[in-house]
Amino acid sequence: MNKLEVIFLSMLVGVQPLAAQNRLTVAADQGKDVISRHIYGHFSEHLGRCIYGGYWVGEDSPVPNTRGIRNDVVKALRNIAIPNLRWPGGCFADEYHWMDGIGPREKRPKMVNTNWGGVTEDNSFGTHEFLDLCEQLGCEPYISGNLGSGSVEEMSKWIEYITFDGESPMANLRRQNGRDKAWKVKFWGVGNESWGCGGNMLPETYSALYRQYATFCRNYGDNRLYKIACGASDADYNWTETVMKNVGGHMNGISLHYYTIPKNWGDKGSATRFSEQEYFTTIEKTLFMDELLTKHSNIMDRYDPQKRTGLITDEWGTWYNVEPNTNPGFLFQQNTMRDAIVAAINLNLFNRHCARVKMANIAQTVNVLQALILTENEKMLLTPTYWTFFLYKAHHDATLLPVSLTCDKYELNGRKLDALSVSASKDNAGKIHITIVNIDPNKAQNLETELRGTSAKKVSAKILTAPGIADFNSFEKPETVGVSDFKAVKLSGGIIKAELPAKSVVLLEIE
Ligand code: AHR
């Protein structure tokens, strides 16, 4: 946060920033916007071992499962209260023909997954399996429809198949396939990365197609679709501008994709072996999300000042080189304490932009990119990123509280970043939660926090940290990085004092 922002926020919370470094003021009585739990959403594609092996093992598998879906993965994701799951892609979505994935599994046609390793997709995981998975997870489905190589009719019929409860060709087909009752599906994507793998379109072409496709995405009965248009990659502000101008009120949300790549697309850098320089760049590039959210939101504000349209960051996370000796098309990477910090920074940013950001989906939940879960046959482990989501569930559907932070810098070779990243919220029970990241891999930070508009009576805390920034959980040592109770925090005279270890994510709970 720069000086001007600090002054502005201080004015907002009605206080002057305190003189010393690492001071946080939280305006506990001035919350306005709700942090949608959907900011903590997920993305799982037919890519590598995400769906197959990650969720789906089939009914006859020795891996304990319910109707073919792994019990251990479901349990772990329920434990972080997964709010939604985006499927089937990604790039895969614009080549996916949903009718190939219904009916008796042995009769389903096969296809080539051209985007991801050219492997044969046997369509054994389709619409029924996905919606069963969402029911087991207790989360909302978010389906990405095929605009790139599909048709208006195909997309329209998919919605009828899933959500129409009456008598109709598609609803009857669903019944024939074993599901009588219509499902509820709210989140519906109309194309994915249509500027790239989804069709290499210009924003004008996409806008026109969106309007056509979305017209036939019908609301059946009381099912109400929340239609999400394909938005920009990174800083392609022209895409957002053009779609906002041409599509306007025909959509409920517009997406944004941004990945943190420490080096470049040719050599992205290793997930586990990186220098401090590379760590610094990873964090710097992650913080760029703030500028992206601000600038895309500013454009949206011009067309939609009442903020009716959500900014949906439905692909974000780290993207490294694949692990040695793994299929390059499978995007399998390990996950270290650095990833936990990247996730925590991004989630703090989404929280702080929650007036506009209504959903975000990390890429991808299991075995792909910045995964929360890794599996190997019957084995499963939880990554450091998982534990960030575990801590941050305290913010689900809570009210964002304005904060004012003055803090030290993390410096490397003359480059500087704010050492701390913060967000705060108040939940329905009146508890205040503050998540703080100390990004400095070498130095602890003392933080004094003052609440305005309420008085703290009790504070407790949890911490996520590790001895090394590159530490990770492996199948041999699955608990190297995890969450524990944090004791270096005390409340005295209404001020909360905490000593935040280097490279840590801390959750304060205040009553
Ligand atoms: O998450 C991997 C890929 O990244 C997705 O399929 C695509 O949408 C993006 O380019």
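Whether a residue is in contact (Cβ under 8 Å) with a residue 60 or more places away in the chain and over 18 Å from the mean Cα position of the chain (by Cα) was assessed, and R37 does not pass this test. Checking each residue in the range 164-174 for being open to solvent by 70 Å² or more (accessible area, probe 1.4 Å) and assigned to a loop (DSSP other than H, G, I, E, B) picks out D165, E167. Among the residues of the range 151-162, the ones that are open to solvent by 10 Å² or more (accessible area, probe 1.4 Å) and assigned to a helix (DSSP H, G or I) come to 6 in all.
Scanning the range 290-322 for residues that are open to solvent by less than 40 Å² (accessible area, probe 1.4 Å) and within 16 Å of the ligand (Cβ to nearest atom) yields L292, I312, T313, D314, E315, W316, G317, T318, W319, Y320. Just one of (1) away from the ligand (no atom under 16 Å from the Cβ); (2) open to solvent by 30 Å² or more (accessible area, probe 1.4 Å) fails for N351. It is (2).
Selection of strands (runs of 3 or more DSSP E) fully inside the range 28-147 by the criterion of at least 1 residues being buried (at least 22 other Cβ atoms within 10 Å of the Cβ) returns 41-43, 84-87, 119-121, 140-145. From the list I496, I469, I463, the one residue that fits, being among the hydrophobic types (A, V, I, L, M, F, W, C) and farther than 30 Å from S270 by Cα, is I496.
In summary, Y210 fulfils each of the numbered conditions (1) closer than 24 Å to M289 by Cα; (2) open to solvent by less than 50 Å² (accessible area, probe 1.4 Å) with the single exception of condition (1). Of the residues screened, A429 is one that is within 28 Å of R37 (Cα to Cα), assigned to a loop (DSSP other than H, G, I, E, B), among the hydrophobic types (A, V, I, L, M, F, W, C) and without any contact (Cβ under 8 Å) to a residue 12 or more places away in the chain.
Here's a check for you: in the range 175-188, which residue that is touching a residue at least 24 places away in the same chain (Cβ under 8 Å) and basic (K, R) is least open to solvent (accessible area, probe 1.4 Å)? So, considering only residues that are touching a residue at least 24 places away in the same chain (Cβ under 8 Å) and basic (K, R), the one least open to solvent (accessible area, probe 1.4 Å) is R179.
Listed here are the residues, each with its yes/no results for (1) modelled with pLDDT of 95 or more; (2) hydroxyl-bearing (S, T, Y); (3) in contact with a Gly (Cβ under 7 Å, 6 or more places away or on another chain); (4) assigned to a strand (DSSP E or B).
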{"residue": "L405", "(1), (2), (3), (4)": "yes, no, no, yes"}
{"residue": "L417", "(1), (2), (3), (4)": "yes, no, no, yes"}
{"residue": "I434", "(1), (2), (3), (4)": "yes, no, no, yes"}
{"residue": "V437", "(1), (2), (3), (4)": "yes, no, no, yes"}
{"residue": "S455", "(1), (2), (3), (4)": "no, yes, yes, no"}
{"residue": "S460", "(1), (2), (3), (4)": "yes, yes, no, yes"}
{"residue": "S474", "(1), (2), (3), (4)": "yes, yes, no, no"}
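Considering the range 354-383, and only residues there that are among the basic types (K, R) and either within 16 Å of the ligand (Cβ to nearest atom) or part of a strand (DSSP E or B) (or both), the residue that is surrounded by the fewest Cβ atoms within 10 Å (Cβ to Cβ) turns out to be K379. Kindly indicate the residue of the range 288-328 that is assigned to a helix (DSSP H, G or I) and of a type in the set (F, W, Y) and also farthest from A340 (Cα to Cα) among those meeting that condition. Out of the qualifying residues, it is Y303. Has the range 231-248 got at least one residue that is in a strand (DSSP E or B) and buried (at least 20 other Cβ atoms within 10 Å of the Cβ)? Scanning the range 231-248, I find at least one residue that is in a strand (DSSP E or B) and buried (at least 20 other Cβ atoms within 10 Å of the Cβ), so the answer is yes. The set of residues from the range 458-502 being aliphatic (A, V, I, L, M) and closer than 20 Å to Y279 by Cα comprises L464, A466, I469, A470, V481, L500, A502. Scanning the range 188-212 for residues that are farther than 19 Å from P88 by Cβ and touching an Asp or Glu at 6+ places or on another chain (Cβ under 9 Å) yields W195, P203. Against the numbered list (1) within 16 Å of the ligand (Cβ to nearest atom); (2) open to solvent by less than 30 Å² (accessible area, probe 1.4 Å); (3) over 20 Å from I162 (Cα atoms), G191 comes up short only at (3). Can you pull out the residues in the range 107-124 that are away from the ligand (no atom under 16 Å from the Cβ) and closer than 15 Å to C50 by Cα? Hits for the range 107-124 are T120, D122, N123, S124. Can we say S504 is among the polar types (S, T, N, Q) and within 16 Å of W387 (Cα to Cα)? So S504 passes the test.
Each residue in the range 249-280 was checked for being at pLDDT below 95 and open to solvent by less than 30 Å² (accessible area, probe 1.4 Å), and 0 pass.
The values are calculated or read from the model by the stated rules, or taken from the named source; none is laboratory data. As the structure is a computational prediction, the values presented were derived from the model and not from experiment. Methodologically, a virtual Cβ is constructed for each residue, glycine included, from the backbone with ideal geometry; neighbour enumeration extends over all protein chains shown. For the accessible areas, the whole protein counts, side chains as well, though only heavy atoms, and no ligand, DNA or RNA atoms are used. Shrake-Rupley method; radii C 1.70, N 1.55, O 1.52, S 1.80 Å.
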